[in-house]
1. Measure off 7 Å from each Cα along the Cα-to-Cβ vector at residue 34 and residue 329, then give the distance between these two points in nanometres to one decimal.
2. In percent, what relative contact order does the chain have, based on Cα pairs under 8 Å that are 6 or more apart in sequence?
3. Calculated from DSSP H runs of 4 or more alone, at -39500 (n - 2.57) each and per residue, what is the 222 nm mean residue ellipticity of the chain, nearest 500?
4. Please determine, in degrees from 0 to 90 and to the nearest 10, the orientation of helix 133-143 with respect to the longest principal axis defined by the Cα atoms of the chain, where the helix direction is its Cα long axis.
5. Give the distance, in whole Å, between the Cα centre of region 173-187 and the Cα centre of region 190-245.
6. Running a GNM on the chain with Cα contacts under 10 Å, which residue among 85, 44, 311 ends up with the highest mean-square fluctuation?
7. Using a cut-off of under 17 Å, list every residue of region 288-312 whose amide N is near the label point 7 Å from the Cα of residue 180 along the Cα-to-beta-carbon line.
8. Take the chain, connect every pair of alpha-carbon atoms lying under 10 Å apart with a spring to form a Gaussian network, then pick out the residue of 31, 131, 171 with the largest mean-square fluctuation.
Ligand SMILES: C[S@@+](CC[C@H](N)C(=O)[O-])C[C@H]1O[C@@H](n2cnc3c(N)ncnc32)[C@H](O)[C@@H]1O
């Protein structure tokens, strides 16, 4: 079976990988873009995941679809890093790279490297631009040594004219399934694993901070090439997501005590007094409610993802306590700045 046939086996028509701008990629990427492609918080997450998953002491790394930053943190001490991308000036400005290769993966998915050259192949916020992704994944696996790591990281930002149509139309879950499908189509890759980080606060000096959106989400998908030596350390991502704060019994106890503690059951922060906006549409009888305004509260953090799964992309919710009926509820928010104008100083 050819690899192109495997792409078809993913069940996707060729139009799924069409783009608004089908001109030569070298034209679009000929313009230098020495810019961060995610906010600084998300880039820190990217570096932590890369650093956590690379267990080799002196790895030889291929950064596929590289630019001016390879996001290698201080815990990674590579023996050698090769960067393959489309813009030579961006690649030459990348201090992590020992070698630069300009190569168009959409024109030619075959990689110009010998079999089993690398310990790690990285692909950061770029897989959405590949028109023949399963072929590129198979090539990445070919150039990995047995037991080597293929790590793809993605987010929800992209150059819209160059992204493939299926990616543009997909939800985060569907994008994850798509990348897992690319990995799964390659018989020399082992089981696929993934992790996600959503909803962290966006740095206040970020160019999009005024929008009140959380930090860009980061999703990582990885697998090892099969046949690695036995007894190697298992690759585990760093613990980045404060998903659960306590066991369910402890959470129930904290919720029952909120009327006395006025502490958020999820993060422990003091709930702020919040004046209910008085409009003809207000459904609460109370003049004041209590709301958690901690932007790092796990309840809010996981809410962005939970709401997206329900079709409400761009929303999360804050923990609200109603002193009238002594119940905790969710208060939906479209941004981190929403609702703050009604906080009452005490
Ligand atoms: C959003 S940037 C990400 C750059 C880098 N990986 C990072 O994390 O900052 C997308 C990169 O993909 C590269 N790229 C896009 N299309 C490509 C193609 N057809 N072949 C090779 N590289 C490509 C571009 O050169 C660009 O640097």
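Read-outs throughout are calculated quantities, based only on the coordinates presented, and are distinct from any laboratory measurement. Everything numeric here is computed off the predicted structure, so don't read it as measured data. Counting neighbours? That spans all protein chains shown, and the Cβs are built from the backbone with ideal geometry, glycine included.
1. Going by the 7 Å Cα→Cβ label model, 5.3 nm.
2. 15 percent
3. Dividing the helical sum by the residues of the chain leaves -6500 deg cm²/dmol.
4. 60 degrees
5. For region 173-187 versus region 190-245, the Cα centre distance is 17 Å.
6. Comparing 85, 44, 311 in the GNM, the peak value goes to 311.
7. 306, 309-310
8. With Cα springs under 10 Å in the chain, the top fluctuation among 31, 131, 171 is at 31.
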